[in-house]
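The values are calculated or read from the model by the stated rules, or taken from the named source; none is laboratory data. All values derive from a computational prediction rather than experimental measurement. Positions of Cβ are generated from backbone atoms using ideal geometry, with glycine treated the same way; all protein chains shown enter the neighbour counts.
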Amino acid sequence: MIRSLPSSKAYSWGFRIFIILYFLFLFAPLVVTMVFAFNNSMYPSLPWEGFTLDWFFGNGPQKYGIFHDQSNLRSLGMSVRVALSVTVVSTILGTCAAFLFEQEDFRFKGLLYFLMLAPLVIPGVILGISILMFANTLGSALESLFGGYAKILGPGFWLVVVGQSSFISTIVALVVIARLKKFDRTLEEAAYNLGANRFSVLWFITLKYLRPSIIGGAAMAFLMSFENFNTTIFLVGSQATLPINMYMQVRDGSTPVINAISFLLIFITAIIAGANLVSGNKKAY
């Protein structure tokens, strides 16, 4: 609709109602989850039994808060370690792939670009099963040839890192490619004409220009790795990541400590998003 044209009262009221319902639909479940993190009840649901901080700081015997829940703390540590490793691997692979597909011309470039995007459209469940079967097949072949079992190919930390990096690196590549398309090549040519070598041009010109997109891609990689469930569940070993551990707790019946974990994750994410928004506004001015 053209903004400069006058709108009817019915349209204005309908627009306001839509906005209210839309954001209510988005944030009402999060608000309810955060509120029940302080519910003095043994169940993560109604009725409201009063305010408490036991699900954060409780140390038993009935109420164990998140800061004393060793199972959830181990899962949180596992998720952080996986996310950091996936961030490093995906950022390096994605940035190199961006340079390859944006700056180089070679045969079958279009086909290979399509294959790079394939993990994004393949369901995560299928991707997880495929990676697990491939790793098991390769591990069995190596064991029959050399008589030893390659532990790195079994379900566990490194297989999760490889599995997540297989599609998250593509997302990083797309983020970097989007900025690389706007890069002015004459800046590199000017640096070469002034006597700079290839490494100096790459480090001080190209990568400096790409720094915001690389940092943004790395942040996206960390968040996507931290919350990933459908691929990770097939690749994880005895130590589950936090999303998988939370799923098992909800499935088997959990206390409001699950809401306390959700509250902390939402709160930390909101702080990071708010800081990023404020920083972006300052840069705009």
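General observations
- Contacts under 9 angstrom Cβ, first residue in region 259-271 being over 14 Å from Met246 (Cα atoms), partner crowded, with 16+ Cβ neighbours inside 10 Å, 6 or more apart: Ile266/Thr33; Ile266/Met34; Phe267/Met34
- If the condition is being in a helix (DSSP H, G or I) and either of a type in the set (Gly, Ala, Ser) or touching a Phe, Trp or Tyr at 6+ places or on another chain (Cβ under 9 Å) (or both), then region 31-69 contributes Thr33, Met34, Val35, Phe36, Asp54, Trp55, Phe56, Phe57, Ile66, Phe67, His68.
- Yes/no for Phe114 being surrounded by fewer than 20 Cβ atoms within 10 Å (Cβ to Cβ) and either more than 30 Å from Val236 (Cα to Cα) or not basic (Lys, Arg) (or both): yes
- In the set (1) assigned to a helix (DSSP H, G or I); (2) buried (at least 19 other Cβ atoms within 10 Å of the Cβ), the condition left unmet by Leu84 is number (2).
- When Ser79, Ser85 are checked against the criterion of being under 23 Å from Leu210 (Cα atoms) and touching a helix residue (DSSP H, G or I) at 6+ places or on another chain (Cβ under 6 Å), Ser85 stands alone in meeting it.
- Taken together, the residues in region 97-111 that are free of Cβ contacts under 8 Å to residues at least 12 places away in the same chain and surrounded by fewer than 14 Cβ atoms within 10 Å (Cβ to Cβ) amount to 8.
- Whichever residue in region 175-218 is touching a residue at least 24 places away in the same chain (Cβ under 8 Å) and of a type in the set (A, V, I, L, M) and, among such residues, is nearest to Val89 (Cα to Cα): Ala218
- Single residue of Phe27, Phe36, Phe57, Phe15 found to be modelled with pLDDT of 85 or more, of a type in the set (Phe, Trp, Tyr) and either within 24 Å of the chain's Cα centre (by Cα) or exposed (fewer than 11 other Cβ atoms within 10 Å of the Cβ) (or both): Phe27
- Taking the criterion of being within 23 Å of Val161 (Cα to Cα) and not polar (S, T, N, Q), the residues of region 239-260 that qualify are Ala240, Leu242, Pro243, Ile244, Met246, Tyr247, Met248.
Rundown of residues vs (1) under 21 Å from Ser85 (Cβ atoms); (2) more than 24 Å from the chain's Cα centre (by Cα), yes/no style:
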| site | (1), (2) |
| --- | --- |
| Phe106 | no, yes |
| Lys109 | no, yes |
| Ile122 | no, no |
| Phe146 | no, yes |
| Lys151 | yes, yes |
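- Scanning region 60-77 for residues that are under 23 Å from the mean Cα position of the chain (by Cα) and free of Cβ contacts under 8 Å to residues at least 24 places away in the same chain yields Leu73, Gly77.
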